[in-house]
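Here is the structure we will look at, set down as structure tokens.
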Amino acid sequence: MPEISAKVVSTSAPNSGLGSSLSKINNVDWNFSTADYMLSRPADFFVYLFNIAKQEYKISRLPVIKEMVIPARKEGEKYARVTKLPSPMKMPKGNIDSNEIDIVIMDGRRMAMDIINPDNWTLDQDAVLTHSDSVGQNIGRLGVFWSLNEVPTEAELAAATRRLETHYRNLLTEARTTETSNPAALPAVITPAHHAAADYFSEQLNWHKKEIRLESCPRCGQPAKVGVPFHMLDGGGFCIDGVEGWKKAVASGVKSRAQAYDATDAEFFAPRVRKQAVPVEDEE
């Protein structure tokens, strides 16, 4: 029987071309030229990013943005200003073939739209999209929007509110439908956005109980509801925040005007003295 021999070809031999490329990528000596006209060119305009929701969001848009925090709107304010972007935007892009850093130019509006919704390739924030490759990345329907105005107009705020409320209503409808048709699946459906929607419309639902957040009062140190002008103390009495707090306390009936005047000396609470009638002298 003839002897069968096999020739083994080693695949571990070094590939000089591949090794050179890898070395070039990992240890490249970048040549950056500041003579590029676009680097010193001023912005044509700025794009401003805002958030009308009381929720904070964190997004990532690699390779440009590793992590970006979208701050929540504070109580009593119409919006939170997130940042402003220049247009055109000048972003560096490495070229491993020439060891040079190129400048990539992008419309600031496109960058803002990509931050808000990567699936929206237009500049229309109300665009109806038929595709979605980035699940959960659309924060445009959660109250975030861009504007060319440093102070957003009432129309822009109304449009952002409309998008937010439409999405919130859809979430509540989804939750109600699931609760009715398949209650066991409800916990897997409910997300923080559903709870935010219930809070927004002040709805008391089986799966959502409105929570009252307590913090340490900066005046007395006792737990109190956030933002209240006055609150009851554990040992009795009330902790009241200045003249405005006393106004609220008097209006609610827990304190009298006299008590407020003694505590604040504010003329607003001063006793009201009726004008005395001037006696009419009899004619002789």
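The values are calculated or read from the model by the stated rules, or taken from the named source; none is laboratory data. Source: prediction; values computed, not measured. Note: ideal-geometry Cβ built from the backbone for every residue, glycine included; neighbour counts use all protein chains shown.
The table for this structure:
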| quantity | calculated |
| --- | --- |
| Residues satisfying the stated conditions in region 154-174, i.e. of a type in the set (G, A, S) and without any contact (Cβ under 8 Å) to a residue 24 or more places away in the chain | A155, A158 |
| Tabulated pairs, region 89-109, first in the same structural domain as A43 (by TED's automatic domain parsing) and farther than 19 Å from A43 by Cα, second surrounded by 12 or more Cβ atoms within 10 Å (Cβ to Cβ) and of a type in the set (S, T, Y), C-beta under 8 angstrom, 6+ apart or interchain | I96/S21 |
| Scan of region 77-88 for residues that are at pLDDT below 95, closer than 26 Å to D44 by Cβ and outside any strand (DSSP E or B), ordered by number | P88 |
| Selection count, region 177-192, where residues are surrounded by fewer than 18 Cβ atoms within 10 Å (Cβ to Cβ), closer than 19 Å to R141 by Cβ and of a type outside the set (S, T, Y) | 2 |
| Odd one out for K74, checked against (1) over 20 Å from Y168 (Cα atoms); (2) of a type in the set (D, E, K, R); (3) part of a loop (DSSP other than H, G, I, E, B) | (1) |
| Test: residue in region 175-185 that is under 30 Å from I115 (Cβ atoms) and touching a residue at least 24 places away in the same chain (Cβ under 8 Å) | yes |
| Flag for G140 being under 22 Å from A53 (Cα atoms), among the small types (G, A, S) and touching a helix residue (DSSP H, G or I) at 6+ places or on another chain (Cβ under 8 Å) | yes |
| Some residue of region 101-109 being of a type in the set (K, R), at pLDDT 95 or above and either in a loop (DSSP other than H, G, I, E, B) or surrounded by 12 or more Cβ atoms within 10 Å (Cβ to Cβ) (or both) | yes |
| Count of residues meeting criterion [closer than 29 Å to A43 by Cα and in a loop (DSSP other than H, G, I, E, B)] in region 127-165 | 11 |
| Selection within region 221-241 - over 31 Å from the mean Cα position of the chain (by Cα) and either surrounded by 12 or more Cβ atoms within 10 Å (Cβ to Cβ) or not in a loop (DSSP other than H, G, I, E, B) (or both) | M232, L233, F238, C239, I240 |
| All positions within region 38-68 that are at pLDDT 95 or above, assigned to a strand (DSSP E or B) and aliphatic (A, V, I, L, M) | V47, L49 |
| Residue identified as among the aliphatic types (A, V, I, L, M) and not assigned by TED's automatic domain parsing to the domain that holds R162 among A249, A188, A198 | A249 |
